[in-house]
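Dumping the structure here so I can ask a few things about it.
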Amino acid sequence: PGSTFSLVQNNTVIQSGVSPNFTINSGGVWKVIENRCGAFIESNAITTVMHDLPVVSTSNATFCEGMQTILVGFPAGGTFNVSNPYSGNSRPFSYTYTNSNGCSGSATAYVTANALTQATINLTNHSSYPLNSEPILLTGNVSAQYSGVGVSNSYFTPSQAGIGGPYEIKMIHTNAGNCVSENVVELMV
């Protein structure tokens, strides 16, 4: 009772009071001086160094089902906390980086898994066509591009392919999420 206390930073009194709670929020050499009825009692000095929090960033990631994606965080060397996303929805994730001083910073972004559309070529039960047959319109369950020997403008023309085979006809579909799915059939002439 009767004592007052002073918080001193670098030999300058910062704060005084009868029963203070001192908060140190900057670097320097700190000590507490007690004035007990005119007798001054100094604590041991404590040196503090303030370190800046690291500036941390990350970015959104989008990928197609069944594919892998690479998450990016800056500065490199941090850790990601990601829940398993499900098709069509975005899920938040966090990236945390701790610098050599033990100071941590975090950033958040979203990861989105786009659905992959199943692409199927619709053909009659034929897998072999006569050389002189009319061009066969290639269609599928989704809009697509077709390629292969004897394929031109979504038609397979047996006379262009020539006798033989099997000729691989490929269907490529790109959906609204930029996910690419393929289907392949083999045809004989």
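Quick check: with the 1.4 Å probe, what order do Ser147, Ser6, Ser100 take by accessible area, largest first?
Highest to lowest solvent-accessible surface, that is Ser100, Ser147, Ser6.
For a quick check, take a GNM of the chain with Cα springs below 10 Å and name the residue from Gly105, Gly17, Gly78 with the largest mean-square fluctuation.
Greatest mean-square fluctuation among the candidates belongs to Gly17.
For the chain, list the cysteines whose Cβ sits under 4.7 Å from no other cysteine Cβ?
That list is Cys37, Cys103.
Let me ask something else about it. Could you calculate the FRET efficiency of Asn89 with Ile172 from 1/(1 + (r/R0)^6), where r is the beta carbon distance between them and R0 is 30 Å, rounded to 0.05?
Approximately 0.70, to the nearest 0.05.
Efficiency by 1/(1 + (r/R0)^6): what FRET value for Ser147 and Thr62, r their Cβ-Cβ distance, R0 = 30 Å, to the nearest 0.05?
Efficiency for this residue pair is about 0.70.
Same structure again: How large is the translational diffusion coefficient of segment 60-168 in µm² per second when you combine the Kirkwood radius over alpha carbon pairs with Stokes-Einstein at 4 °C and 1.567 mPa s?
71 µm²/s
Using +1 at the C-beta of Lys and Arg and -1 at the C-beta of Asp and Glu, which of Leu137, Val13, Cys64 has the Cα lying farthest in the positive direction of the dipole of the chain?
Farthest along the dipole direction, towards plus: Val13.
Now a separate question. Please report the accessible area of Tyr155 (heavy atoms, 1.4 Å probe, ligands and nucleic acids excluded) in Å², nearest 10.
Estimated to the nearest 10 Å², Tyr155 gives 100 Å².
Something else now. Send over the semi-axes of the chain's equivalent ellipsoid, whole angstrom and largest first, taken as the square roots of 5 times the C-alpha gyration tensor eigenvalues.
The three semi-axes for the chain are 78, 13, 9 Å.
Once each part is reduced to its C-alpha centroid, what is the distance from segment 145-159 to segment 7-65 in angstrom?
For segment 145-159 versus segment 7-65, the Cα centre distance is 75 Å.
Out of Ser106, Thr4, Ile121, whose Cα points farthest toward the positive end of the dipole of the chain (charges: +1 Lys, Arg; -1 Asp, Glu; placed on Cβ)?
Going by the charge dipole, the pick is Thr4.
Based on DSSP H runs of at least 4 residues, each adding -39500 (n - 2.57), what is the mean residue ellipticity at 222 nm of the chain after dividing by all its residues, to the nearest 500 deg cm²/dmol?
Estimated from H runs of four or more residues: -500 deg cm²/dmol.
Then there is this: Take peptides 179-189, 20-30 and line them up by average Cβ neighbours within 10 Å, highest first, as a rough protection proxy.
Going from most to least packed, we get 179-189, 20-30.
The values are calculated or read from the model by the stated rules, or taken from the named source; none is laboratory data. Quick caveat, the model's predicted, so the values are computed rather than measured. So basically every Cβ, Gly included, is an ideal-geometry build from the backbone, and we count neighbours across all protein chains shown. These accessible areas exclude ligands, DNA and RNA; they are computed on the full protein's heavy atoms, side chains included. Shrake-Rupley method; radii C 1.70, N 1.55, O 1.52, S 1.80 Å.
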